[in-house]
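Have a look at the structure below before the remarks.
The values are calculated or read from the model by the stated rules, or taken from the named source; none is laboratory data. Worth saying up front: this structure is predicted, and the values here are computed from it rather than measured. Positions of Cβ are generated from backbone atoms using ideal geometry, with glycine treated the same way; all protein chains shown enter the neighbour counts.
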Amino acid sequence: MNTEETLLTLHGIKPTANRIVIAKALKAERQPMSMVELERQIRTIDKSGIFRTLMLFKAHHLVHAIEDGDGMVKYELCTSHNPDKDEDMHVHFYCEECHRTFCLYGTPIPSVDIPSGFEMESINYMIKGLCPDCARKRALRQSTKA
């Protein structure tokens, strides 16, 4: 079995050809991808097939679904091997200039105390600003104006 087949099996998902293709696409990108981005990259599977697969992956904790700060939902492959919960939650950074979402793996999500009676299922921690490339471009534009 290849890595994607093993990951699917560990999460209780039957490794079909389409599911393997989608898992490989998410793994190769190394940053969260929207449905539109997946559709552009995977031309052999229709939109509804990609969406159904993502919802299956989400139900089995194989992908994280994050709102990127601009109203778009993006998906990323979960690297944990637990089909019952996400063990690799991390902070994300949304660049307000280029609209890319980055995973900040080395930055853990801060602990949050919630009131008694509430049960947390997941948490989405998004930082917004400029990525290094866009910050550098902005600095160059500002220095040429001066």
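What to note about this one:
- Checking every residue in the range 13-31 against the condition of being among the polar types (S, T, N, Q), in contact (Cβ under 8 Å) with a residue 60 or more places away in the chain and either closer than 24 Å to Phe102 by Cα or surrounded by 15 or more Cβ atoms within 10 Å (Cβ to Cβ) (or both) gives at least one match.
- Test: residue in the range 48-60 that is of a type in the set (Phe, Trp, Tyr) and modelled with pLDDT under 95: yes
- Number of the condition not met by Arg43 [criteria: (1) under 30 Å from Lys137 (Cα atoms); (2) modelled with pLDDT of 80 or more]: (1)
- When the range 43-55 is filtered for residues that are more than 12 Å from the chain's Cα centre (by Cα) and either under 23 Å from Val91 (Cβ atoms) or surrounded by fewer than 18 Cβ atoms within 10 Å (Cβ to Cβ) (or both), the ones remaining, listed by number, are Arg43, Thr44, Asp46, Lys47, Ser48, Gly49, Phe51, Arg52, Met55.
- Single match in Tyr94, Tyr125, Tyr75 (criterion: touching a residue at least 40 places away in the same chain (Cβ under 8 Å), among the hydroxyl-bearing types (Ser, Thr, Tyr), surrounded by 11 or more Cβ atoms within 10 Å (Cβ to Cβ) and under 27 Å from Ile22 (Cα atoms)): Tyr75
- Subset of the range 128-140 [in a helix (DSSP H, G or I) and either of a type in the set (A, V, I, L, M) or surrounded by fewer than 10 Cβ atoms within 10 Å (Cβ to Cβ) (or both)]: Pro132, Ala135, Ala139, Leu140
- Tally of residues being β-branched (Val, Ile, Thr) and surrounded by 13 or more Cβ atoms within 10 Å (Cβ to Cβ) across the range 97-122: 3
- Looking across the range 1-15, the residues that are in a loop (DSSP other than H, G, I, E, B) and more than 21 Å from Lys74 (Cβ to Cβ) come down to Met1, Asn2, Gly12, Lys14, Pro15.
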